[in-house]
Amino acid sequence: MTRIIAGTAGGTRLEVPDAGTRPTSDRVRESLFGSLESAGAIDDARVLDLYAGSGALGLESLSRGAQSAELVERGRAAAAVVRRNATAVARAGNLPTARVHESAVHPFLVRTQGPFDLVFTDPPYDLDDDAMTADLVALAPSLSSDALVVIERARRSTPPDLEAAGLELVREKTYGDTTIWWAQPRLQPTGADQPTAESQSR
């Protein structure tokens, strides 16, 4: 059984698609969201949940105070499950209903505008590295300046190519067979921080 762990909709049971998805375990979600709350990353955030599966990550965010959540799931049957879960969580917590997009992730990212403050991407383990990088590059223009991107992959997977998307690593943690990377947009030097011709000549 998968459920909302905490917040105004805490305890709400979530359906899980029959096949083709890999829900994040309650133990991992509990630890992850505890860290996100400590970092102040959830309250009033505009959330994007890619490869949503049951929608548990985006819906947990809403329950804990996020402003909105966009859930992206390609499979028709899985997207229908996500819609039912979104409705159940909204009713249980008197919350905004998450928007569910039945779409492949990359085309969605190409056409969306954001901005998003908190993004979860939990792709299938068989998604190759090039496709993962392409997703991150397509996502980058839709991030707010202080956004946080949470990437979940198998421990044996190659670390995501954050540099290609203009991201930098904030944190990395492994839970059993799962590794989670936190990343944020790389800060660009301001005019005051850029080296001058005089300083370069010293």
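The values are calculated or read from the model by the stated rules, or taken from the named source; none is laboratory data. Remember, predicted model here, so these are calculated numbers, not experimental data. Counting neighbours? That spans all protein chains shown, and the Cβs are built from the backbone with ideal geometry, glycine included.
Collect the residues in region 23-75 that are among the basic types (Lys, Arg) and either within 18 Å of Asp122 (Cα to Cα) or free of Cβ contacts under 8 Å to residues at least 24 places away in the same chain (or both), keeping them in residue-number order.
Answer for region 23-75, where residues must be among the basic types (Lys, Arg) and either within 18 Å of Asp122 (Cα to Cα) or free of Cβ contacts under 8 Å to residues at least 24 places away in the same chain (or both): Arg27, Arg29, Arg46, Arg74.
So which residues in region 108-131 are surrounded by fewer than 22 Cβ atoms within 10 Å (Cβ to Cβ), touching a residue at least 12 places away in the same chain (Cβ under 8 Å) and part of a helix (DSSP H, G or I)?
Phe108, Val110, Asp129, Ala131
State which residue is surrounded by the most Cβ atoms within 10 Å (Cβ to Cβ) when the search covers only region 138-150 and only residues that are without any contact (Cβ under 8 Å) to a residue 40 or more places away in the chain and part of a strand (DSSP E or B).
So the residue we want is Val149.
Would you mind telling me which numbered condition in (1) surrounded by 15 or more Cβ atoms within 10 Å (Cβ to Cβ); (2) closer than 24 Å to Ser31 by Cα; (3) touching a Pro at 6+ places or on another chain (Cβ under 8 Å); (4) among the acidic types (Asp, Glu) Asp135 fails?
(2)
So is Ala78 more than 18 Å from Leu139 (Cα to Cα), part of a helix (DSSP H, G or I) and among the aliphatic types (A, V, I, L, M) or not?
Judged against the criteria, Ala78 is a match.
Of the residues in region 151-174, how many are under 20 Å from Asp126 (Cβ atoms) and buried (at least 16 other Cβ atoms within 10 Å of the Cβ)?
5
For Ala183, which of the numbered conditions (1) over 20 Å from Ser63 (Cβ atoms); (2) outside any helix (DSSP H, G or I); (3) touching a residue at least 40 places away in the same chain (Cβ under 8 Å); (4) touching a Leu at 6+ places or on another chain (Cβ under 9 Å) fails to hold?
For Ala183, the exception is condition (3).
Can you tell me which of (1) at negative phi; (2) at pLDDT 95 or above; (3) exposed (fewer than 15 other Cβ atoms within 10 Å of the Cβ) is the one Asp44 doesn't meet?
Checking Asp44 against (1) at negative phi; (2) at pLDDT 95 or above; (3) exposed (fewer than 15 other Cβ atoms within 10 Å of the Cβ), the one that fails is (1).
Six or more apart or on different chains, Cβ atoms under 7 Å: show the pairs whose first residue is in region 156-173 and within 17 Å of Ala131 (Cβ to Cβ) and in contact (Cβ under 8 Å) with a residue 12 or more places away in the chain and whose second is surrounded by fewer than 16 Cβ atoms within 10 Å (Cβ to Cβ) and among the basic types (Lys, Arg).
These pairs meet every condition: Leu167/Arg186.
Quick one: in region 54-107, which of the residues that are of a type in the set (Lys, Arg) and either surrounded by 17 or more Cβ atoms within 10 Å (Cβ to Cβ) or at pLDDT below 95 (or both) is farthest from the chain's Cα centre (by Cα)?
Per the stated criteria, the residue is Arg76.
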